[in-house]
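The values are calculated or read from the model by the stated rules, or taken from the named source; none is laboratory data. Fair warning: this is a prediction, and the values are worked out from it, not measured in the lab. All Cβ positions, glycine included, derive from the backbone under ideal geometry; neighbour counts span all protein chains shown.
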Amino acid sequence: MRTQRWGWVGALLLIVAAGTHAVAAPCDTAESTATIPVDPGATPLRIEAQVFRGDGRAPAAGVLVYAHHTGANGLYDNAADGTPRRQAFVRTDAEGRFVLRTGMPTPYPNRTQPAHVHLHLWGEGVPHQWTDDVLFADDGLVTAEMRAQSSAAGRFSWVSDAPLEKGVRVVRRAIRLKAAGDRLDPRVRFGLRTCGAE
């Protein structure tokens, strides 16, 4: 009888353990390519990026990149815990590269800020930081000042022409890591919270 009872308990523990393992944090399973769900009717978007160390020359391998953006309504449509619905995690490959597949974001309903994709980065030896948002050169809300600042960054610019290639807008971008991390408002630390990195 005791053996049977412990058999039940053991089986239950195995099921619970298996279930726990099945819901691993996305940081643990992130690969160099990820997809954010596309809203119906949105133009497909592909972001091809390479992350470099602070010297701007050495590729940064194994860096976690968290991306999120608005949908066709210009909203994040966050879950009850504040997590954006359109989000993904990728980890840079040996050459510091990653690819995100998604749909074009839309400006906020007040239309004072251009459409954008947020990118946060962190990892071993890389403090949590954001990089300049992905912006689109044909967006009338991108100001002359934004364009000038982006252009001054040379190959690390963030305002992209994003040409249409076979029905997909394509952003090709280089990102340079910062030596110091950024202090984020607790309301936008959901990428870290999702991964239990806070």
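Select from the stretch 108-118 the residues that are modelled with pLDDT under 95 and within 22 Å of Val168 (Cβ to Cβ) and list them in ascending order.
The one that is modelled with pLDDT under 95 and within 22 Å of Val168 (Cβ to Cβ): His118.
Taking the stretch 136-153 only, how many residues are closer than 16 Å to Ile47 by Cβ and of a type in the set (Gly, Ala, Ser)?
Qualifying residue count for the region: 2.
Restricting attention to the stretch 92-107, and to residues there that are assigned to a strand (DSSP E or B) and crowded, with 20+ Cβ neighbours inside 10 Å, which single residue is farthest from the chain's Cα centre (by Cα)?
If we take residues in the stretch 92-107 being assigned to a strand (DSSP E or B) and crowded, with 20+ Cβ neighbours inside 10 Å, then Gly103 is farthest from the chain's Cα centre (by Cα).
Look through Ala180, Ala162, Ala152 and report the one residue that is at pLDDT 95 or above and surrounded by fewer than 13 Cβ atoms within 10 Å (Cβ to Cβ).
Ala152
Has the stretch 70-89 got at least one residue that is of a type outside the set (Gly, Ala, Ser) and closer than 16 Å to Ser160 by Cα?
No: the stretch 70-89 contains no residue that is of a type outside the set (Gly, Ala, Ser) and closer than 16 Å to Ser160 by Cα.
Sort out which residues of the stretch 40-98 are on the phi > 0 side of the Ramachandran plot and touching an Asp or Glu at 6+ places or on another chain (Cβ under 7 Å), and write them in order of number.
Residue satisfying the conditions is Gly62 alone.
Among the residues of the stretch 24-60, count how many are small (Gly, Ala, Ser) and in contact with a Lys or Arg (Cβ under 9 Å, 6 or more places away or on another chain).
Total meeting the criteria: 7.
Looking only at the stretch 138-149, how many residues end up being in contact with a helix residue (DSSP H, G or I) (Cβ under 9 Å, 6 or more places away or on another chain) and either exposed (fewer than 15 other Cβ atoms within 10 Å of the Cβ) or within 25 Å of Cys27 (Cα to Cα) (or both)?
Looking only at that region, the number is 0.
Which one of these is in a loop (DSSP other than H, G, I, E, B) and at pLDDT 95 or above: Val134, Val142?
On inspection, the qualifying residue turns out to be Val142.
So, of the residues in the stretch 56-90 that are over 12 Å from the mean Cα position of the chain (by Cα), at pLDDT 95 or above and not in a strand (DSSP E or B), which turns out to be surrounded by the most Cβ atoms within 10 Å (Cβ to Cβ)?
Top of the filtered list is Ala60.
Would you be able to tell me the number of residues in the stretch 153-178 that are among the charged types (D, E, K, R) and not in a loop (DSSP other than H, G, I, E, B)?
Total satisfying the criteria: 6.
Any chance the stretch 104-116 includes a residue that's over 24 Å from Asn73 (Cα atoms) and either among the small types (Gly, Ala, Ser) or touching a Pro at 6+ places or on another chain (Cβ under 9 Å) (or both)?
No, because not a single residue in the stretch 104-116 is over 24 Å from Asn73 (Cα atoms) and either among the small types (Gly, Ala, Ser) or touching a Pro at 6+ places or on another chain (Cβ under 9 Å) (or both).
Could you say which residue among Arg91, Arg111, Arg85, Arg97 is farther than 24 Å from Asp138 by Cβ and without any contact (Cβ under 8 Å) to a residue 60 or more places away in the chain?
Answer to the check: Arg85.
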